[in-house]
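What follows is a short report on a single structure.
The values are calculated or read from the model by the stated rules, or taken from the named source; none is laboratory data. Computed from a predicted model, the values in this text were never measured in an experiment. All Cβ positions, even for glycine, are placed from backbone atoms using ideal geometry, and neighbour counts span all protein chains on display.
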Amino acid sequence: MKNLSRLFANTNAAGWLALTAIVLLMGWIEIAAPSGFDFADLSGGVITMDTMVRIAILTVVLVGLNLVMGYAGQVSLGHAAFYGIGAYVSAIFTARGHSLFGVSQSVMASWQWPWFVMFAGMAFSTTLAYVIGKPILRLRGHYLAMATLGLGIMVYILFRENMGVQGDHITGSYDGVSGIPRLRVGEFEIWPISRYYFFAWLVALGVMALGMNLINSRTGRALRAVHGSEVAAQAMGVDVAAYKARVFALGAALASLGGSMYAHFQAAVSPSPFSFGGSLELVVMSSVGGLASIWGAPFGVTIILFLKEFLRSRLRVLLSGASGEHEIIFYGLLLIVIMIFLPEGIVIGAMKRWKAWQARGRKETALSEGGKA
């Protein structure tokens, strides 16, 4: 068992280093543009630097969701709520902090303020998730799904309806909040997009490393035990309620971090990405990549965003007069095919098929050698 765990850890480390090298190579291509060859040329214009930044941001969010759903086995259909909380906390306090809350102009202009707000948003999301998670996570099955769905819808309505406040433009209702400043470290601004690309992937790779270490720790084993059987885990001395609340809070913190990164990347936020549709898309990304895998986060996001961009840019060429409805149909069909043939997700399904192919090869080799003998 120890040898297997060590092999798994070494494989994760090698994969993480390989992904880091790929990210650095892609960033260098975008900046250096060797022989006039830029980043978008790698995919025929389907995947751009903007898309890669979004993949990094959503990877941060999905690592937390995978820990909650894939490892702890707790259904969360309102994860976009915490994603939105992080985005709106950063947006409101960095763009409207002076007019709404009297934050001094000097503080607002300082480079430390957006970072402080980002971590404050994470702390708020963590606390909220822990407090709410205690009673909600006592539910199971479709009851838990409905409870988390209700939480997501309530938060979305608060964003859309300006927190129920008349007059003061807190969330900006449907228009959202604009004028969000770019992140800075001293006088160094993390912009243009090539700089933000490296920052976003630095955070994403760090979060992935955190997730890999967590699942290979005692806490990770406890989460898998809770997923397998809460009764059996309780009998073995695992504090099931505490572990579920903690992983739910950790997932919320990572979602909030991703939301803040999104806000400073877009320089504006609106309610639509944080609706039920947004939560559902996060679940689809996790399911396609593989819920019970940290690697499922970047792979799931990449596949879904690639499919969306490809269908949006190519479907009208393939089908004359094709509209958005056709895109949704093709998108749904592709997802159905993936889930039929790889129900555990791309990462785990591909690993199982690779191991089965290796085992079959070894068996055929052994039989052939036995026949010769």
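Scanning the range 69-110 for residues that are under 23 Å from PRO271 (Cβ atoms), aliphatic (A, V, I, L, M) and assigned to a helix (DSSP H, G or I) returns ALA80, ALA81, ILE85, ALA87, VAL89, ALA91, ILE92, ALA95, LEU100.
Restricting attention to the range 277-304, the residues that are under 17 Å from ARG224 (Cβ atoms) and either free of Cβ contacts under 8 Å to residues at least 60 places away in the same chain or touching a Cys at 6+ places or on another chain (Cβ under 6 Å) (or both) total 0. Taken together, SER173, SER272 contain a single residue that is hydroxyl-bearing (Ser, Thr, Tyr) and either more than 23 Å from the chain's Cα centre (by Cα) or at pLDDT 95 or above (or both), which is SER173. The set of residues from the range 206-220 being within 17 Å of the chain's Cα centre (by Cα) and of a type in the set (Val, Ile, Thr) comprises VAL207, ILE215.
Condition check ((1) in contact with a helix residue (DSSP H, G or I) (Cβ under 9 Å, 6 or more places away or on another chain); (2) crowded, with 16+ Cβ neighbours inside 10 Å) across all residues:
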| site | (1), (2) |
| --- | --- |
| GLY97 | yes, yes |
| GLN112 | no, no |
| THR126 | yes, yes |
| ILE136 | yes, yes |
| ALA147 | yes, yes |
| GLN166 | no, no |
| VAL177 | yes, yes |
| GLU189 | yes, no |
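Taking the range 73-94 as the range and being aliphatic (A, V, I, L, M) and modelled with pLDDT of 95 or more as the test, the residues that pass are ALA80, ALA81, ILE85, ALA87, VAL89, ALA91, ILE92. From the list ALA253, ALA249, ALA232, ALA225, the one residue that fits, being without any contact (Cβ under 8 Å) to a residue 40 or more places away in the chain and surrounded by 17 or more Cβ atoms within 10 Å (Cβ to Cβ), is ALA225.
Annotation for the range 257-267: no member residue is without any contact (Cβ under 8 Å) to a residue 40 or more places away in the chain and surrounded by fewer than 16 Cβ atoms within 10 Å (Cβ to Cβ). Within the range 42-55, one or more residues are under 18 Å from SER279 (Cβ atoms) and among the basic types (Lys, Arg).
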